[in-house]
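One structure below.
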Amino acid sequence: MAGIGFALRKLSNRDNLASRSLAGGHAILISSGPWIVIMAGLALLHALGQPLIAPEELKVFSILVIYSFALSLVITAPTSLEATLRVSRVMFQRHFEEVQGVYLGALFVTTILSVLGSIVVFLLIVRLPVGLALAATVCVIQVSHLWLAMAFVAAIKQYAAVTLAFALGLSCSIVFGTSMASLGHGPGGMLLGFSFGLCIAFGILNYLILSTFPGRLLPFWQSLGRLKMLRPVSNTFLLAGLASGLAVWVDKLVVWNSSEAVTITHGLLHAPRYDSPVFMAYLSIVPVMSILVVWLETTFFENYRHYRDIVHSGGTLRQIDEQRKGLAQDAVDTVFLAFLVQLTISAALAVAAPLLANVLGLAYDAISVLRLALIGAAFHFLFQASCGVILFVQYGKVYFWLQALFLALNAGMTAAMLVNPDYLGMGYLLASMVSGTLAYAAMRNTLGTLNRLTFVVNNPSVSG
């Protein structure tokens, strides 16, 4: 998210509620824009599509959107992380004209991986009819493009245009999705209409990125040749990105392959008692996460830059360590305070779970899952916040092992807890608690040894 800090800092430093709210709103879009657009679009299309399409076909549409969302996140996470590292490097070297090439290369790789992943999942594993598989593939490509664009949009200061892109894209998804359903094109047509709205949002973001970072376009075959010669900036971060994408969805995959799963048309699997409560729990952490993003990109960024300035200007060890201690204490206090706020919110929502279930239309037996998922989401927030700090100071090995740990725990504990239907959701809660606590400890240790990380681990002349 290099670059977002300037605009957020400018807004959050203004001493009025509107500017601070605007900074929070921008942070929500940057950190969770695709989540919000897709979940809001899915909910609205589900409600508006009920009189237009058969219930079974509406389920097929909803499940394929969720499959597309999951597949795109797994595909895009490592590519986005690699592209972000590469952009950070060229921007630090002030080679701004190279950003466009990095973006277009990542876009090309993302598209190819999206097509290949869709063929494997929708045609070879799920065995959807070709027309429906093509519609799902288009959706995967569009969502993947949005995820990738968000990694670059963070460096653009035109937040009003970004907000407009998401609002217009969401509106078009609703209009075209319901239009295709009313014309009798079924779930495939609805999926294409939904994807067209996402395409409009991506088109605007794509224009903003290309106009912000102009560059000289090379002939296609020459670009392809250069792409083949590229090697990852960091294999560790590449694997960590893949693990982070899988970790978010592995518990759903486990539950979809258990007795909790329900099979509908075309053999599609879903778990109504698990899916909706967990998605609702994820959305509950978005507000506090946006506040933390503002802090990370403003206060933490300023403190960390000051620390780096002292190092690069040849400051004394005492000056360096004093700044490190201040930075570490502020980070530890802020992350823990944000976690306490989130835990309080999650606990309050868990108490009000029966009311929420009634409003959201969840079944009675999903209330216990919702409660466990809400508390689990609070610890998931602690995990994400702590990993965010570790990623900011680029401690790749620790970041990778934490993501791998969460992936293993989320899969293993979810599978273990499925022996008792009353424990559904407990696996995610336990995995989040253990991973969140260890990530917080790892963040404290990382900031405590920041001097070693700066002078030895991340120093190419020493580490090789």
(request) Using a 1.4 angstrom probe on heavy atoms only, work out the carbon and sulfur share of the accessible area of the chain in %. (result) 67
(request) Enter the angle in degrees (range 0 to 90, nearest 10) between the Cα long axis of helix 396-417 and the first principal axis of the Cα atoms of the chain, meaning the one along which they spread out most. (result) 30
(request) Please express the shape of segment 253-313 as an equivalent ellipsoid: the semi-axes are the square roots of 5 times the eigenvalues of the C-alpha gyration tensor, given largest first in whole angstrom. (result) 45, 14, 8
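Considering only the other residues whose Cβ falls under 15 Å of the Cβ of GLU260, what net charge follows from Lys and Arg at +1 and Asp and Glu at -1? Write down the numbers at each step before the final one.
On the way: positive: LYS252, ARG273; negative: ASP251, ASP275, ASP365, ASP422.
Value of the local net charge: -2.
At 37 °C and 0.692 mPa s, what whole-number value in µm²/s does Stokes-Einstein give for the translational diffusion of the chain, with Rh from the Kirkwood sum over Cα pairs?
Working: Rh = 23.2 Å.
The calculation lands on 142 µm²/s.
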(request) Once you have the Cα-Cα distance between GLN394 and THR316, take 0.36 nm times their residue separation minus that, and quote the gain in nm to one decimal. (result) 25.8 nm
(request) Set the Förster radius R0 to 22 Å, insert the Cβ-Cβ distance between ALA261 and ILE125 as r into 1/(1 + (r/R0)^6), and round the FRET efficiency to 0.05. (result) 0.90
(message) Could you tell me the extents of segment 65-219's C-alpha atoms along the three principal axes, largest first, rounded to whole Å?
(response) 53, 34, 28
(request) Excluding LEU372 itself, calculate the net charge of residues whose Cβ lies under 13 Å from the Cβ of LEU372, where each Lys or Arg counts +1 and each Asp or Glu counts -1. (result) -1
(message) Helix 186-212 against the longest principal axis of the chain: what's the angle in degrees, Cα atoms only, rounded to the nearest 10?
(response) 20
(request) Could you check the simple spin-label distance between ALA347 and ASP330, using points 7 Å along Cα→Cβ, in nm with one decimal? (result) 2.9
(message) Per 0.36 nm of contour for each residue apart, how much would the distance between HIS95 and LEU164 grow if the chain were fully extended, relative to their Cα-Cα spacing?
(response) 21.9 nm
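Compute the projected area of the convex hull of the Cα atoms of segment 215-318, averaged over all viewing directions, and report it in nm² to one decimal place.
Mean projected area for segment 215-318: 14.1 nm², to one decimal.
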(message) Residue by residue through segment 299-311, what is 3J(HN,Hα) from phi via Karplus (6.51 cos²θ - 1.76 cosθ + 1.60, θ = phi - 60°)? Round to whole Hz and write x for glycine and proline.
(response) 4, 5, 4, 4, 5, 5, 5, 4, 4, 5, 4, 4, 4
(message) Whole angstrom only: what separates the Cα centroid of segment 244-264 from the Cα centroid of segment 291-321?
(response) 41
(request) Put one equal scatterer on each alpha carbon of segment 377-464, apply the Debye formula with no solvent term, and list log10 I(q)/I(0) at q = 0.16, 0.18, 0.24 1/Å to two decimals. (result) -0.64, -0.75, -1.07
(request) Provide the per residue accessible area, probe 1.4 Å, for the chain, rounded to a whole number of square angstrom. (result) 44
(request) Write down, largest first, the equivalent ellipsoid semi-axes of segment 75-167 in whole Å, where each equals the square root of 5 times an eigenvalue of the alpha-carbon gyration tensor. (result) 30, 16, 8
(message) For a Förster distance of 30 Å, can you work out the FRET efficiency between the beta-carbons of VAL456 and LEU218, rounded to the nearest 0.05?
(response) 0.20
(request) Determine the sum of side-chain charges near LEU429: Lys and Arg each +1, Asp and Glu each -1, restricted to other residues whose C-beta is under 11 angstrom from that of LEU429. (result) 0
(message) Using only the alpha-carbon atoms, how far is helix 367-392 inclined from the longest principal axis of the chain? Give it as 0 to 90 degrees, nearest 10.
(response) 30
(request) Output the relative contact order of the chain, whole-number percent, from Cα pairs under 8 angstrom with separation of 6+ residues. (result) 18
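The values are calculated or read from the model by the stated rules, or taken from the named source; none is laboratory data. Values in this document were obtained by computation on a predicted structure and should not be read as measured data. When we count neighbours, we look across all protein chains shown, and the Cβ atoms used for this are built from the backbone with ideal geometry, even at glycine. Ligands, DNA and RNA are excluded from the accessible area calculation, which covers all protein heavy atoms including side chains. Shrake-Rupley method; radii C 1.70, N 1.55, O 1.52, S 1.80 Å.
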